[in-house]
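The values are calculated or read from the model by the stated rules, or taken from the named source; none is laboratory data. Note that the coordinates shown come from a computational prediction; the quantities given were computed from them, not determined experimentally. All Cβ positions, glycine included, derive from the backbone under ideal geometry; neighbour counts span all protein chains shown. With ligands, DNA and RNA removed, areas are computed over all heavy atoms of the protein, side chains included. Shrake-Rupley method; radii C 1.70, N 1.55, O 1.52, S 1.80 Å.
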Amino acid sequence: MFASGTQKNHWMFTGPEEIDLLRQEANERFVNEFGKNMDEDHRKAHFLLPEEEKLLMRHFEFILREFCKKFQPSMPKYVLRFYIHNSLMDFHPRDLMLTCVYLACKVEEFNVSIGQFVGNLKGDREKFANIILGFELLLMDKLHYHLTVHNPFRPLEGFLIDLKTRYFKNKAEDVERLRRNAEDFVDRSLATETCLLFSPSQIALAGIIHSAGEEGISLDNYVTGVLMQGTTNEEVKKMASQIKRIKYLVKNQPSLQRELIGPVQRKLEPCRNQANNPESEIYKRRLEEMFEEEEEERSRKRQKLMEEERAAERALIGIP
Amino acid sequence: MHHSQPPTSHPGGGPIRQTNRHEDLDFPFCPDSGKYEKLAKIGQGTFGEVFKARDRKTKQVVAMKKVLMENEKEGFPITALREIKILQQLKHENVVNLIEICRTKATPYNRYKSTFYLIFEFCEHDLAGLLSNANVMFSLGEIKKVMQQLLNGLYYIHSNKILHRDMKAANILITKMGILKLADFGLARALSHISKYTNRVVTLWYRPPELLLGERNYGPPIDIWGAGCIMAEMWTRSPIMQGKTEQHQLQLISQLCGSIKPEVWPGCDKLEMYNKLEVPDGQKRKVKERLKPYVKDQYALDLLDKLLCLDPSKRIDSDSALDSAFFWEDPPPQDVSRMLAQHSTSMFEYLAPPRRPQGAGRPQMPIQVRPNQNMDQHFERVF
């Protein structure tokens, strides 16, 4: 179903360069809109630079992963998709992150009510609930309602079963030895953009091959002779290079420079879009306006109904 | 700002490079900005109204299903989420096709008044509407074609580990080309390792005995029971067991399918409601006997007997049902498009006069997911 689904058709990119470009475009759109009257230097000082957004993104992604580990490791990473087309300055990752997890819980049938969900958070729970529910619809909209995210854990299980049945027959315990490192690899891959670049099964296979390498086992014959039996040399080569790229991406993650995060976070506060900040005056005002409009609409409807009734009465007693 | 105006929508397609900021602009005083124009209300789904509508640009006729958001304390309804997710996965000729999702402008402020629409390909008729019109006559071959497509659809969704959970004639759509589509996945859900689902699903008249007896670890057989009820309805023209209460429904089932007892259904006495509801004793199974006046075809009676099997573990599955003699003996399944061509108006149950020859009350709708005083209780029911 991955082959026909929205993930392959809409959320897979050619390389890190394309993702960077899209994020840069999102950054530019924001800066162009909110920095209309600023010169270039002022803009640079005021707004987050694309690389600063990236840094903050990784920081929040890390927090998110730690948070998710507590209940379900294979949660869809909507937040990664969201910030491909949106700047962090437009929507604060803190707000969106919680919303992403809440939505993911619902989609994954991990049933918790909003009350239970915010019960796990420290701080003003009612405020969190309002933030989450306020952003939920917007998030779905920005994700274009593509809610299914395939993760590499399932294909990983599949490869382990396949190895047991078709390659290391009668040596199931050897295959099981590959599990821990392979799972660890897949887990680490989730902290990178690999899931936006490669299919879940490719990431899983890279994990298996990596793990076998650690154990000093070669899976070359399995990959070429069993898994890709009957395919052309060309395709085997292509596959090998994909696996190599995945391994490179997962193993060569630059470490997060924590000392830079604080200043960037402080820089974010004054330049963010206050209309999307639940704490801001403008946000609260708009929310209020929404309610007032609703009330107005209701009274308009009441008015209309009354007029219709009156007209019907007049018609009934024959007054034109 | 945008109450009654039709929704705006995504142009679909891939990750949208929002190079054009104008796309994000809202035109609150421009009521024609909606992509679809409503033509008529054609139904009432599990969680909202259904309209016939037309794409203003392409003129494509679609069905719009409204998702109500009012008072959703849990945010976007999980049932609607399921329906979207499930329909995005299912692509089959006999499953209704979800074109896209539309909504009024998305901002963090308007969650209370958002209206969502699921946009489906338009189907001209539903089976309940067709059956309630005495001028619509199905030949034996045409009934076979309808049932074959219905079971094909069920085979497809079941092999994708999806339960429909609301089989009934009104949820079976038929296009004017005679193609049958399973519709309304508002109660559907994926089978998972967690096997404690709510048993408050399926419209009462189509509800299988295991659900009535409180089974929470059920599976595809619940949809097969509904298929059996619908198949019989192809001849009787109205639902065959129109219970007024769960107790009454169980009584009607026993009168048709015989007493529910461990001898015919091992383990039925372990179900939660077995001792709480009155399970009629001493009834003989009369499925074939009672349907014979309507259904003359012996193969049809044989299949009905297997679909309406009390014990879910012995109930026939869609694959075997498709192999049954009914579909392979003469007359062969026959396309219904020719017959439908004689009727120029759409037939939907919603628009049809009530068909209740047995004088029963309205069918009891499956429990709908509505916000509840007690959130956790509400959640329990969604399962």
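Over segment A:1-158, what is the mean sequence separation of C-alpha contacts under 8 Å (at least six apart), divided by residue count, expressed as relative contact order in percent? Numbers along the way, then the final one.
Numbers: 104 pairs, mean separation 44.3, N = 158.
So the answer I get is 28 percent.
Principal axis extents of the C-alpha atoms in segment A:201-303 (largest first, rounded to whole Å): 77, 45, 24. Along the Cα-to-C-beta direction of residue A:108, a point sits 7 Å from the Cα; which residues of segment A:126-167 have their amide N less than 12 Å from that point? Inside the label zone: A:149-154. With a 1.4 Å probe on protein heavy atoms only, work out how much accessible surface B and A bury together, total over both chains, in Å² to the nearest 100. It comes to approximately 4500 Å² buried between B and A.
Rounded if a/c is under 1.5, else prolate if a/b is larger than b/c, else oblate: which is segment B:148-252, with a ≥ b ≥ c the root eigenvalues of its Cα gyration tensor? Working shown, then result.
Working: a/c = 2.19, a/b = 1.09, b/c = 2.01.
Oblate.
In this structure segment A:173-289 gives 54 Å² per residue of accessible area when probed at 1.4 Å with all protein chains present. Entry comment: accessible area of segment B:191-305 is 41 Å² per residue, from protein heavy atoms only and a probe of 1.4 Å.
One quarter of the surface of the convex hull around the alpha-carbon atoms of segment B:218-334 equals 7.7 nm², the direction-averaged projected area.
For the listed residue pairs A:8/B:85; A:171/A:237; A:54/A:77, the alpha carbons are over 20 angstrom apart in A:171/A:237. Computed with a 1.4 Å probe over protein heavy atoms only, the accessible surface of segment A:62-156 comes to 32 Å² per residue. The Cα-based radius of gyration and maximum Cα-Cα distance (Dmax) for chain A are 25.9, 98 Å.
Going from the isolated chain to the complete set of protein chains, segment A:105-126 loses at least 30 Å² of heavy-atom accessible area (1.4 Å probe) at A:106, A:107, A:109, A:111, A:113, A:114.
If I compute solvent accessible area with a 1.4 Å probe over the protein chains, what percent of it on segment B:48-190 is carbon and sulfur? Walk me through the intermediate numbers first.
Values: 2130 of 4200 Å².
That fraction is 51 percent.
Just round it to a whole percent: the fraction of Cα-Cα distances in segment A:220-266 exceeding 14 Å.
Numbers: 706 of 1081 pairs.
Percentage above 14 Å: 65.
Could you work out the relative contact order of segment A:153-251? I mean the mean sequence separation of Cα pairs under 8 Å and 6+ apart, divided by the number of residues, in percent. Write out the running numbers ahead of the final one.
Working: 85 pairs, mean separation 32.2, N = 99.
For segment A:153-251, the relative contact order is 33 percent.
Averaged over peptide A:289-297, the number of partner chain Cβ atoms lying within 10 Å of each residue's Cβ comes to 3. The helix-based estimate of mean residue ellipticity at 222 nm for chain A, built from -39,500 (n - 2.57) per DSSP H run of four or more residues and divided by its residue count, is -21500 deg cm²/dmol to the nearest 500.
Just to confirm the filter: which GluC sites (Glu not before Pro) across segment B:202-299 are DSSP coil and have at most 11 other Cβ within 10 angstrom of their Cβ? All intermediate terms of the calculation are to be shown ahead of the outcome.
Values: sites: B:210, B:215, B:233, B:246, B:263, B:272, B:278, B:289; in loops: B:215, B:263, B:272, B:278.
Of the GluC sites (Glu not before Pro), the ones in loops of segment B:202-299 whose Cβ has at most 11 other Cβ atoms within 10 Å are B:263, B:278.
The order of the peptides A:102-112, B:339-349 by mean Cβ neighbours within 10 Å, most packed first, is A:102-112, B:339-349. Toward the positive end of the charge dipole of the protein assembly as shown, with +1 on the Cβ of Lys and Arg and -1 on the Cβ of Asp and Glu, the farthest Cα among A:185, B:40, B:294 is that of B:294.
For segment B:66-98, accessible area lost to neighbouring protein chains reaches 40 Å² or more, against the chain alone with a 1.4 Å probe, at B:74, B:76, B:78, B:81, B:85, B:88, B:89. Share of carbon and sulfur in the accessible area of segment A:153-251 stands at 48%, probe radius 1.4 Å. Take the Cβ atoms of residue A:44 and residue A:94, set R0 to 25 Å, and the FRET efficiency comes out at 0.55.
In the P(r) worked out for segment A:174-261, what percent of Cα pairs fall beyond 23 Å?
Details: 1032 of 3828 pairs.
Taking all Cα-Cα pairs of segment A:174-261, the fraction more than 23 Å apart is 27 percent.
Counting partner chain Cβ atoms within 10 Å of every residue's Cβ in A:127-140, what's the average?
Shielding by partners across A:127-140 averages 5.
List, in the order given, every pair from B:52/B:176; A:44/A:284; B:261/B:286; B:276/B:306 whose Cα-Cα distance in the structure shown is over 19 Å. Beyond 19 Å: A:44/A:284; B:276/B:306. Summarised as an ellipsoid, the protein assembly as shown has semi-axes of 47, 37, 24 Å, derived from the eigenvalues of the Cα gyration tensor scaled by 5 and square-rooted, with the largest first. Here the accessible area of segment A:1-141 is 52 percent carbon and sulfur, with a 1.4 angstrom probe and all protein chains present.
Contact residues in segment A:147-161 (at least 40 Å² less accessible area with all protein chains than alone, 1.4 Å probe): A:147, A:148.
Counting only heavy atoms of the protein chains and using a 1.4 Å probe, residue B:284 has close to 150 Å² of accessible surface.
Hull volume per residue, based on the alpha-carbon atoms of segment A:29-93 and their convex hull, is 76 Å³.
In percent, rounded to a whole number, the relative contact order of chain A is 21, using alpha-carbon pairs under 8 Å and six or more apart.
What angle do you read, to the nearest 10 degrees and between 0 and 90, between the alpha-carbon axis of helix A:233-251 and the longest principal axis of chain A? Long axis of A:233-251 versus the principal axis of chain A: about 70 degrees. Rounded to the nearest 10 degrees, the inclination of helix A:125-142 to the longest alpha-carbon principal axis of chain A is 80 degrees. Measuring between alpha carbons in the structure, the pairs from B:38/B:244; A:122/A:142; A:69/B:66 lying more than 32 angstrom apart are B:38/B:244; A:69/B:66.
Here segment B:160-218 is treated as a sphere whose radius is the Kirkwood value from Cα pairs; by Stokes-Einstein at 4 °C and 1.567 mPa s it diffuses with a coefficient of 102 µm²/s.
With axes computed from alpha carbons, what is the tilt in degrees of helix A:258-271 against the longest principal axis of chain A, rounded to the nearest 10 within 0 to 90? The helix A:258-271 is inclined about 20 degrees to chain A.
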